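Before any comments, here is the structure.
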């Protein structure tokens, strides 16, 4: 069996990196995706979904170094369910309303160029999605 999720969105916070006892780096950050549509009643709906992403190893160090809040990214990975329920992690917000957290373990993170927001009918333009360099030697600066 196999599962894969692809997310294209914006970082909701600066990445946070830590090291495991064995010295392996892990970086965490949140990514917001949006879906805009018109409902059956003619109402304009703006839907935002948040994902909590964990990146491991050398890629974790690159993400921590080069990503910042607001940066567009493409994440390819797998969903990590709540071990007790097998579903997204459910919690209550500070205001008491229920919420869910979608946890993703990244296999690949591509750094996308900033698009021209609002151009092309309100959708984001990510340009060509060649993404981040595969190795540190390919970083142009």
Practice task
Could you give me the residue pairs with C-beta distances under 7 Å whose first residue belongs to the range 1-27 and is over 22 Å from residue 48 (Cβ atoms), whose second residue is in a loop (DSSP other than H, G, I, E, B) wherever it lies, and which are 6+ apart or on separate chains?
Solution key: 24/57; 25/57; 26/20; 27/15
Handout entry: Residue list for the range 32-67, restricted to those being assigned to a strand (DSSP E or B) and closer than 13 Å to residue 105 by Cβ
Key = 51, 52, 53, 54, 55, 56
Exercise for the section: Take the residues in the range 62-102 that are under 18 Å from residue 25 (Cα atoms) and crowded, with 18+ Cβ neighbours inside 10 Å, then tell me which one is nearest to the chain's Cα centre (by Cα). Expected result: 75
Exercise for the section: Please indicate, with yes or no, whether at least one residue in the range 75-82 is modelled with pLDDT under 90 and more than 16 Å from residue 48 (Cβ to Cβ). Expected result: yes
Problem - Neighbours by Cβ (under 8 Å, 6+ apart or cross-chain): first from the range 78-100, touching a residue at least 24 places away in the same chain (Cβ under 8 Å); second assigned to a loop (DSSP other than H, G, I, E, B) and exposed (fewer than 12 other Cβ atoms within 10 Å of the Cβ) - result: 78/3; 78/4; 79/3
Handout entry: Meets criteria (surrounded by 13 or more Cβ atoms within 10 Å (Cβ to Cβ), in contact with a helix residue (DSSP H, G or I) (Cβ under 9 Å, 6 or more places away or on another chain) and closer than 15 Å to residue 112 by Cβ) for residue 53
Key = yes
Problem - Checking residue 110 against (1) surrounded by 10 or more Cβ atoms within 10 Å (Cβ to Cβ); (2) assigned to a loop (DSSP other than H, G, I, E, B), the condition it does not meet - result: (2)
Handout entry: Only one of 91, 102, 114 that is touching a strand residue (DSSP E or B) at 6+ places or on another chain (Cβ under 7 Å), modelled with pLDDT under 85 and closer than 17 Å to residue 12 by Cα
Key = 114
Fill in the blank from the handout: Exception for residue 18 within (1) assigned to a loop (DSSP other than H, G, I, E, B); (2) touching a strand residue (DSSP E or B) at 6+ places or on another chain (Cβ under 7 Å); (3) modelled with pLDDT of 95 or more falls at (1)
Exercise for the section: Scan the range 39-61 for residues that are touching a strand residue (DSSP E or B) at 6+ places or on another chain (Cβ under 8 Å) and over 25 Å from residue 99 (Cβ atoms) and report the count. Expected result: 6
Exercise for the section: Could you tell me whether the range 118-141 includes any residue that is surrounded by 11 or more Cβ atoms within 10 Å (Cβ to Cβ) and either closer than 27 Å to residue 1 by Cα or modelled with pLDDT of 85 or more (or both)? Expected result: no
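The values are calculated or read from the model by the stated rules, or taken from the named source; none is laboratory data. Only a predicted model underlies this, so the values are computations on that prediction, with no experimental measurement involved. Quick reminder, even Gly has a Cβ in these numbers, built from the backbone with ideal geometry, and neighbours come from all protein chains shown.
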